[in-house]
Every structure is written in C-alpha cells, then in structure tokens.
2 protein chains.
Amino acid sequence: MSRPTPDLGSPLREIASRIGAEHVVTDPEALAHAGRATFGTESRVLAWLHPGDAREVAAILTIAQRTGLPLYPISGGKNWGLGSRVPPVPAALLDLGRMRSIDHFDEELATVRVEAGVTFRELHRYLVAKKSRLMLSSTGGSPDGSVLANALERGDGSGPNGERALHVAALEVVLPTGEVIHTGFDRFDGASAAELHRFGVGPAFDGLFSQSRLGVVTRGTLWLAPLPRYLAALRFALHTSAELARALDALRDLRLEGTLRTPVGIWNDYRVLSAAGRYPFERTDGETPLPAELLAEQRAEWGGARWLGLASVYAASEAQGRASVARIREVLGPHVAQLSVEERSGDPRADRPLFDPENPGRAFLQGIPHEQSLRSMYYRKPAGAPADLDPDRDGAGVLWLCPVVPARGSEVVVATDDIERICLEHGLEPLLAIFGKSERTFTLLPMLVFDRDVPGADERALACHDAMLRELAARGHLPERLALPAMEALPSARDDHGRLLARLIELLDPAGILAPGRYDFGAGRR
Amino acid sequence: MSRPTPDLGSPLREIASRIGAEHVVTDPEALAHAGRATFGTESRVLAWLHPGDAREVAAILTIAQRTGLPLYPISGGKNWGLGSRVPPVPAALLDLGRMRSIDHFDEELATVRVEAGVTFRELHRYLVAKKSRLMLSSTGGSPDGSVLANALERGDGSGPNGERALHVAALEVVLPTGEVIHTGFDRFDGASAAELHRFGVGPAFDGLFSQSRLGVVTRGTLWLAPLPRYLAALRFALHTSAELARALDALRDLRLEGTLRTPVGIWNDYRVLSAAGRYPFERTDGETPLPAELLAEQRAEWGGARWLGLASVYAASEAQGRASVARIREVLGPHVAQLSVEERSGDPRADRPLFDPENPGRAFLQGIPHEQSLRSMYYRKPAGAPADLDPDRDGAGVLWLCPVVPARGSEVVVATDDIERICLEHGLEPLLAIFGKSERTFTLLPMLVFDRDVPGADERALACHDAMLRELAARGHLPERLALPAMEALPSARDDHGRLLARLIELLDPAGILAPGRYDFGAGRR
C-alpha cells in the first residue's frame, strides 16, 4: 500500500486554525513515539491531532476529505498487541483522548454516557465517587484504554456485560464527510429511550461503525450491571487435553442453559507463568524458549496442571448463587481437578467491593481496573516489568491473535495443539488463554511475547503470527479481531462482501481518508 | 407517493421464463386477496411472485432492477396488524413462502438453519420429530408466520431467546442488484464458527437488513435454547396505577440483576377480555365501546384487577429455579396481588413438555405455537373468531402500535393513561399489553381492534392510530416497529440520518425497486 505522502502543510495549518495550534503536534520525536507499537510496523505517523469535541472532529474530517489527508482515529491509544497507535498506512492521528466527558449517569436504569477518551480507570473512579451499586465490565487490557473504543473493537471483559459490544447504545458518529448521525432512537430529538433501546426503529447502523473505517464514534452510552449481592469465583485445574475437552463441553452446556452468565477464562501453564514473573534467563543460560523440564518444574507450584480455569457466579441472592454453584459442581466437577469456590455476599458498592480489590483476579470480576495480567507483556524482557507499563516505549514485544473456535471441546483442543506447536516452532512460548464470552464459541488468545531488542525477534514473531493465522484459517478458525499485520491476510470472501464494503467506503468516504487499511480487507485499496 | 404503474408485461414474462409461469400469479382475484390487510390501505399488489430459492430471488431482483419493477418481499405473509402482505406503494409481491428448507440442525450447539419461508409451526414440528431438548422462542403472532422474518422485523417472544433479533446469525442476503452477501464469518468458505458467532470480523452488516428495504434475507441460522429442567409461571394482579408503577420498577430491577432472564407480559382488563371471547353486543344493544360498568362486571371474574401479569423462571435445576422464585417473591411480591407460582420440573423434550401444551399461556412459555391470543383480533366481529383465523379475509380490523417507554413505572403509567384515553376518545376499547423483553425499556402494545364491515371503522381506527403515534412521539415515546400508516409519520431526525439512509438506498438499489416506502421514513422517495 504505497501512497505518496500528501502535502501536509496546508491541511495542518487549516486544522490548527480550527482546533488550536497547540493541539496539532508535528514534533518529530513525539511522532516517532506515537508511531511505535509492540511489534515491527512499516507505516508512520504524519501528525498528531487532538480535537476537543465532536465538532472539531467533524471539522478535521471535512478538511481531510477536501485535502486528502489520511487520518487514523485513536482514543486511549492502548491497543497493545494489535497495533497500539500505529496506522495501517501513513496517516495523521486523530486522537480523541481529550474528549473525556462522563454524563447522563442513571443509577436506576444502569447507564452512563461517555466520550471516546474516557478510560476504564476514570469510569471506575466515577462510579466509586458516586458510591454506585453498578459495575462496568472490566477489561483484560490496559485500565487506561478507552471504554468506548474497546466496545467498538468488540473487546470483552468480566461480568454479565462481558460481551461489551452488546452493551452500548446511542452512538454519536462523525462520518468521513463531517456529517453526524446518532444510532438507535437517539436520532430523534427528545427520544425517551434514546440510551436504553438496542435498535431504535428502521435499519440499525451501529454495526457499520464497529471494527470499521466508516466513521468516528465520538460518544456513546454504556450499559452497566448491578454489582452482585453474591459473587463466587470458581477455580479449577486441568491436567490433560482430554480433561480440557470435557471441561469445555461442560462449560458450554452451563452457558447455554443459563447457569453461567459471565465469561470463563482458561489459561495454559506458560500463560500463568508469564503473569507471575519474567522468563528465567539465569536458569537457561539465556536460551529460549523455555525448556520442557523447567516448565514442568514451575508447573509443580500449582500441582502440575497444564491449564487453570476461572469461572464466576453473579447472583442477586445467596440462595440463587449457591444453587448455581451446586449446578456447576454437578456438571463441571467430574471433569476437572482442584475445583475450589470462593464466595462473598453482602451489599456491595463501587467503593465497597465484596472481594479484596488488590487481588487482581477478584478486582477483574468486580469491574475494578488492574494491571497485573499486563505484566506478561514483559515476560521476555531481562529487566522485567517496570512500575509504569509502556510496552511501546520499552521494546516489550507483544502480538495477539484472536481465532474463534466452535464451543466443542475436541475442536478446541486440536486448535490449541496447533497453536502451541506453531509457537514453539518459532522459538516462542505459547502463552495461551481460552476465553468463553458467549454461548457457542471460544476465543483463543495466543499472545506472542518477545524482546524487541533482540535482533531478529520482530521478524520471528511476525512469521509466527502469519503462520498461525494461515494454519488456523485453513481449519476454518477465523480471528474475531485483527492485529495490524492481519488486516489484509484473511482469505477472500466467497460472496460479494468485498464489493459491498468497497462501495460503502466510496460512498461514505469519497476521498478515502479515514483509517485506510483498517478492517477493510483490501477493499479500500485504490 | 404516486408512481406511474410500470409496464408489467415484459418484466413478468422474463421472470416467468426464469422461475416458471406457474409461480407468477397475475389473477386479479388472487391479487385482490393478497392486497387486503386488517385495516384500510391505499396501495395494491401488481403480481405475486413465488421464487423457489435464493438464485431465483437474485434473478428476479436483477430483472426488476433493470426494468424498474417494484418488489415487496413477504415470507409468511402474516404481518397482521402492521400491514399483512400489503406493500407501502404498488409492487409485485416477492413471496419467499416456497423456501422452506430446514437444515444444519445442531443439538449440541443449539442452532438450526432455515430458509425465509419456514414458520414457527414447522420448526416446532421439526424439533418434536427430532425429540430435541431445545426450544424455539415462541411468537405472540401467528404460528404460520416466518421465524426469520419475525427476527428481522425485531419481533419478540418467550423464553431466554425472547429478544429474537439477538439470536440469529449467518444471514444470506440478496442485495437489490442481485448480488449476494453472508453476514458474520459466514462470508468465508468453511468458517467453523459461521453460524455460531454474532459478529464475525470487520464491520457488521446484519443491522442494515433488519427493518429494512436494503436487501432480501433468504436464509439464516437461528439460535435455540435448551428446554429448562425447571419452569415456573408466575401470575400476578394489579389493581391500581400505583401498583402497576411499583410492579414495573420491581420487574425492571429483577431483570437488571439477572433474576428474570425472560420477557414479562402485563395485560390490561380489556385485553384479557378480548382473548376470552367476543364483544358482548347483546348486552349493550350493539353500542360500542364497552361501558365502564360492564367492564367492571367482567373484571370481577378474576377478582377485579385492572391488570394481569405473567413472568417466568427458566432454570437448569429445581434449586436454581426455586431460589429465583423466592427472590421474585421478595422483590415483586409486596407490590402485587394474587401472586401465584405454578412450577414443573423434569427432563423435558420438544415432544414431552413439562406443562400441558393445550394451555395457551404454558404452550407459549415452552416454544409451542398456539393461536389462542390471536382470537382477540375478532373481538369486535359479531360472529366471533372462526376455527381458521384469517383476519385479512374476514374483515377483522387490527392495527398495532409499538411505542417504547423507559423502564420506569411512573413513566409507563403516564403512557398507558394516554393510550387508554386516546382509544376511548376514538370509540375503541384500549386493548393493551406491556411487554418487557429487555432490561431498560418496556414496549407498549396497544391493539386497535374493530370490525372493518362497519362503515367508517377503518377511518376511525386510522385516526386513532395517528393521534396515538403523534401524542406518544411528542412525549418522546417512539415506536420500535411500524404499521404501514406509520412508515412516514415519525418526526424527522435531528441529524444526518435521513441523508445517510437515502444514500445507502441509492447505492444498493439504484433503481429504487426494493420495498419502496418500507422503513425508509421518506428517504427513498424520489
């Protein structure tokens, strides 16, 4: 995708006159910083724009549309492992990070409206300050990521609203031409259910702006969930692939029947180790990947299981919660080892959680931001993880894949075997999580972690990513989110999908300036 | 919306040569029959086309696109109360009723793929024949309606999958140009999660084809739910508006906290009476609407309550179900009268339901089609309801509205008062249901029922519909589905929504031939 660099001077001057020169960053050092991801990238950042509200976003888009300036919207800028702030092709960053208003909070109907820059950490603080009885679904990503962007990227999290994309409404979208629409009933002045109803009336446009380059979402309403009056964390261990397969089938059945209403996570031994501390270079004479005997030795710390799992029960009463736990014991119990249940009940508030918020796993369940699991990103860095995590800055290599597999244990096991083999073939530990956020699929989350300061590491990680994507796709296991290097790597559609997407891009973005290369599968290439 | 009648001969001959002359109906009597709804309509049916598969649908669309023949897709043709088979502007019916294949049934993952013509009745029979442990969410509409069309129209039903539009995937869509796309992962050959994942990867197009004129959905996968091993029907009564308001608040809280996971219905006295038998003309000397004293007398049959409610608990074990019922008693109990719980448990199958399937309310809960509630359509017909219900044929007047109100009891009561007043002002009984299918809103379902054989009845009903739509919209309560006369009656959007929709129509349907006037809010008018 080689494009001539546009003449920047004139559009940037015009944008500066509209949003203030102090909000148009062109300092080369800052741009180099913004253009660094957790893996090798080819594109670069042409400028860094910081609009203050949706009107300024619209103004920038209008100018860009006229002048051909490519723009790449970011919000928190914490898309670590998938591309951080780096655009697929050279572009100016349209950074929504200044847009941080939180309003329309409704304790009764469990909603709150946020601008695109509002982070998980901020929104949690807001709920604490309100002494709210509501929770936001936590992210496994950075607490400083944008909640709205995560929902639009179809990220996931903890609790009853873990499938985040299903719990947003009333999106305010600036189209690439500078026009503005609102989704659902919010397009009508004074609609009473504007923030409360999923669809509104007529065709629903929300999906167009999710994993998309068709518009910039500047605001939206998040649906929150009541904090449970009973919360149980169920941990279990799996020693063999056969146990894993049976446990996954049981978890699917529990999910389908409605006993489990929240996401389930299962982590392999490598992944568990990576969150506990850095790679034991001193014990391998600096060799990688981790030798099998060392893995087995470390694994012995938790009884030798290959996989550890965490499920949760959120209930409105102790009796409901206990009955669900009993049902889980009945269905899942026979297939797992070391099933343990830790439970709490009471009258929780955001400022008064049931479980200790310093315990990372328990924080996650209660919607409290925590960074512990992010320390895995530094697993291969000899110096380990610093206090302030910034893998872009620190050369901590991270590259994610997110393949989706039907919720059939045997099928998942074949895929996890593939993933582990391919990682090891490329000299990487297979750090792997299995995340079940809905009824009928599991998302596999292999995380390629490496030290970017080691020569050749970027290339090996990318080769591993590409091989894995290719092999999994050949089995039919397509990814549900894409890292930058995967944006054009999927097989072609068997139908007219590509043509439709290309025509939509041309219709909504005649100059092709908004996030070219982002989730367009090559359809937007001119 | 006056359009010149297109030259039909040539396109119809071409279509006949493609799909067979026997599948192109032009007999005036048949067309007059097809063009009759349950209220007065202005448009008419130009021809009645019966394609046999998606290829034939594509061929018809291609011919129509070239020749300018307007088409109006129908499936079951049972859109009673909202327009039956009648197009907003004169058009040939594109009847998908011959497309009835059911395949890809998966008991384990709870999915089944259907063509657009498959009805609720057929699919239930299919599950019975399979001795399946799965259920389809029932409809309150006709058992002979199309399941897929109901989902696309965002209809609702019973059980855990009651918000039907959230439980379909892998739509096969023929665009107005004859091109074909598949939603989600189904666009990829051999995608393992094609029918199992909600979004796929990249922008999600499903919403574009829901309540829409942008494409013809010919096939899709339905997500089923396991039949509950414990099922409870909870009935309650409400005597005053204050009780209604408090009960609605309690039901909302129970829904938000996850105790109630299925839709709740509340019916007013008029609506209950209308399902029990026809209007008592002999006791009023033929006068309408129903005198207050007669209403009070009939209401006494169930203890005098103004409203009757039904909630349900679906659980995987008796202990879970009982704990939820106890919680409902605690939260809802203090605000309602006559709270009764009827429960069953066991190992149900589609052919062996827990509750008597002849009890209409219990059939509904178990996914078993039943026509009892449809008898209300004949409330004002002196002859009452026949064995084979066909309100189009019988001049049974029915006109629905579907306004959405925030789930705040006090707000709902204001709206129900409005609705009851406006109905009575127009000489109609306010037959009213309140349906809670999601967490944050209630849908009000006033049903205008009249005898089309009474001179002036059509006009009075339409006037009532229009007044109600106007008054409710002025309070911000917009409808979530539209009857034919409402298609252009909503207020204008406050943003660029109309322009976007118009451009999408022009892009996807350059000749403007697909369902002109359907959910386009005037945007498609040329």
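The values are calculated or read from the model by the stated rules, or taken from the named source; none is laboratory data. On a predicted model such as this, the values are computed, not experimentally measured, just so you know. Here the Cβ positions follow ideal geometry from the backbone for every residue, glycine too, while neighbour counts run over all protein chains shown.
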Q. Out of curiosity, is B:Arg322 surrounded by fewer than 17 Cβ atoms within 10 Å (Cβ to Cβ) and of a type outside the set (Val, Ile, Thr)?
A. no
Q: Check B:Ile434 against each of (1) under 22 Å from B:Pro160 (Cα atoms); (2) within 12 Å of another protein chain (Cβ to nearest Cβ) and name the one condition it does not meet.
A: (2)
(Q) Here is a check on your reading of the model: is B:Leu339 away from every other protein chain (no Cβ under 14 Å), surrounded by fewer than 24 Cβ atoms within 10 Å (Cβ to Cβ), at pLDDT 95 or above and touching an Asp or Glu at 6+ places or on another chain (Cβ under 7 Å)? (A) no
Q.
Restricting to region B:129-138, and then to whatever is away from every other protein chain (no Cβ under 14 Å) and closer than 30 Å to B:Tyr519 by Cα, can you tell me which residue is surrounded by the most Cβ atoms within 10 Å (Cβ to Cβ)?
A. B:Leu136
**Q.** Matching residues in region A:237-264 - criterion: being touching a Lys or Arg at 6+ places or on another chain (Cβ under 7 Å) and without any contact (Cβ under 8 Å) to a residue 12 or more places away in the chain
**A.** A:Gly258
Q) Looking at (1) touching a helix residue (DSSP H, G or I) at 6+ places or on another chain (Cβ under 6 Å); (2) surrounded by fewer than 24 Cβ atoms within 10 Å (Cβ to Cβ), which is the one condition that is false for B:Ala237? A) (1)
Q) Just checking, which of A:Ser137, A:Ser84 is among the hydroxyl-bearing types (Ser, Thr, Tyr) and assigned by TED's automatic domain parsing to the domain that holds A:Val45? A) A:Ser84
(Q) Suppose we filter region B:148-177 for residues that are within 12 Å of the chain's Cα centre (by Cα) and more than 20 Å from B:Gly436 (Cα to Cα); how many remain? (A) 2
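Could you list all residues from region A:272-287 that are over 31 Å from the mean Cα position of the chain (by Cα) and either surrounded by 13 or more Cβ atoms within 10 Å (Cβ to Cβ) or of a type in the set (Lys, Arg) (or both)? Walk me through it before giving the result.
Within region A:272-287, the first condition is being over 31 Å from the mean Cα position of the chain (by Cα), and the residues that meet it are A:282-287.
A:Arg283, A:Thr284, listed by residue number.
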Q: Return the residue satisfying two criteria in turn: it lies in region B:243-255 and is farther than 13 Å from B:Glu330 by Cα and surrounded by 23 or more Cβ atoms within 10 Å (Cβ to Cβ), and of such residues it is farthest from the other protein chains (Cβ to nearest Cβ).
A: B:Leu244
Q: Inspect region A:146-157 for any residue being of a type in the set (Val, Ile, Thr) and in a strand (DSSP E or B) and give the result as yes or no.
A: no
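For the structure I just gave you, tell me whether A:Ala461 is out of contact with any Gly (no Cβ under 8 Å at 6 or more places or on another chain), more than 10 Å from chain B (Cβ to nearest Cβ) and not in a loop (DSSP other than H, G, I, E, B). Spell out how you get there, then give the answer.
Working: out of contact with any Gly (no Cβ under 8 Å at 6 or more places or on another chain): no; more than 10 Å from chain B (Cβ to nearest Cβ): yes; not in a loop (DSSP other than H, G, I, E, B): yes.
Considered against the rule, which asks whether it is out of contact with any Gly (no Cβ under 8 Å at 6 or more places or on another chain), more than 10 Å from chain B (Cβ to nearest Cβ) and not in a loop (DSSP other than H, G, I, E, B), A:Ala461 comes out as no.
Pick out the one residue from A:Ser192, A:Ser158, A:Ser210 that is farther than 30 Å from A:Glu488 by Cβ and in contact with an Asp or Glu (Cβ under 8 Å, 6 or more places away or on another chain). Walk me through it before giving the result.
On the way: A:Ser158 fails: in contact with an Asp or Glu (Cβ under 8 Å, 6 or more places away or on another chain); A:Ser210 fails: farther than 30 Å from A:Glu488 by Cβ.
Result: A:Ser192 is the single residue among A:Ser192, A:Ser158, A:Ser210 that is farther than 30 Å from A:Glu488 by Cβ and in contact with an Asp or Glu (Cβ under 8 Å, 6 or more places away or on another chain).
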Q: Output the number of residues of region A:158-172 satisfying the condition of being facing chain B (nearest Cβ under 10 Å) and part of a strand (DSSP E or B).
A: 3
(Q) Please go through (1) farther than 18 Å from A:Ser75 by Cα; (2) surrounded by 23 or more Cβ atoms within 10 Å (Cβ to Cβ) for A:Tyr126 and return the number of the only condition it doesn't satisfy. (A) (2)
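Give the residue that is farthest from the other protein chains (Cβ to nearest Cβ), with candidates limited to residues of region A:215-228 that are touching a Leu at 6+ places or on another chain (Cβ under 6 Å) and surrounded by 24 or more Cβ atoms within 10 Å (Cβ to Cβ). Steps first, answer last, please.
First, pick out the residues of region A:215-228 that are touching a Leu at 6+ places or on another chain (Cβ under 6 Å): A:215, A:217, A:220, A:224, A:226.
Then drop every residue that is not surrounded by 24 or more Cβ atoms within 10 Å (Cβ to Cβ), which leaves A:215, A:217, A:220, A:224.
Details: A:Gly215: 10, A:Val217: 12, A:Gly220: 14, A:Leu224: 9 Å.
The extreme case among them is A:Gly220.
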**Q.** Identity of the residue in region A:173-193, at the interface with chain B (Cβ under 7 Å from one of its Cβ atoms) and of a type in the set (Asp, Glu), that ends up surrounded by the most Cβ atoms within 10 Å (Cβ to Cβ)
**A.** A:Glu179
**Q.** Tally, over region B:78-98, of residues that are closer than 18 Å to B:Asp144 by Cα and out of contact with any strand residue (DSSP E or B) (no Cβ under 7 Å at 6 or more places or on another chain)
**A.** 7
Q: Determine which single condition A:Arg229 fails, assuming it passes every other condition in (1) touching a residue at least 60 places away in the same chain (Cβ under 8 Å); (2) in contact with an Asp or Glu (Cβ under 6 Å, 6 or more places away or on another chain).
A: (2)
(Q) Could you go through region B:492-499 and let me know if any residue there is assigned by TED's automatic domain parsing to the domain that holds B:Ala247 and crowded, with 22+ Cβ neighbours inside 10 Å. (A) no
Q | Conditions (1) surrounded by 24 or more Cβ atoms within 10 Å (Cβ to Cβ); (2) out of contact with any Pro (no Cβ under 6 Å at 6 or more places or on another chain); number of the one not met by A:Asp27 | A | (1)
(Q) Based on this model, can you work out whether A:Ala463 counts as surrounded by 22 or more Cβ atoms within 10 Å (Cβ to Cβ) and in contact (Cβ under 8 Å) with a residue 24 or more places away in the chain? (A) no
(Q) If I filter region A:468-490 down to residues being more than 22 Å from the chain's Cα centre (by Cα) and either assigned to a strand (DSSP E or B) or in contact (Cβ under 8 Å) with a residue 40 or more places away in the chain (or both), which single residue comes out as nearest to A:Glu425 (Cα to Cα)? (A) A:Glu471
(Q) With the requirement that a residue be of a type outside the set (Val, Ile, Thr), buried (at least 23 other Cβ atoms within 10 Å of the Cβ) and closer than 27 Å to A:Phe435 by Cα, what does region A:89-122 give you? (A) A:Ala110, A:Ala116, A:Gly117, A:Phe120
Q. Could you list, in sequence order, the residues of region A:107-128 that are within 14 Å of chain B (Cβ to nearest Cβ), in contact with a Lys or Arg (Cβ under 9 Å, 6 or more places away or on another chain) and either hydroxyl-bearing (Ser, Thr, Tyr) or in a strand (DSSP E or B) (or both)?
A. A:Thr111, A:Arg113
Q) Of all the residues that make up region B:62-80, how many are small (Gly, Ala, Ser) and either surrounded by fewer than 24 Cβ atoms within 10 Å (Cβ to Cβ) or modelled with pLDDT under 95 (or both)? A) 3
Q. Can you name the condition, by its number, that B:Asp496 falls short on among (1) within 9 Å of another protein chain (Cβ to nearest Cβ); (2) under 27 Å from B:Ala59 (Cβ atoms); (3) of a type in the set (Asp, Glu)?
A. (2)
Q. Taking helices (runs of 4 or more DSSP H) that do not extend beyond region A:1-83, which have at least 3 residues that are in contact (Cβ under 8 Å) with a residue 24 or more places away in the chain?
A. A:9-19, A:54-67
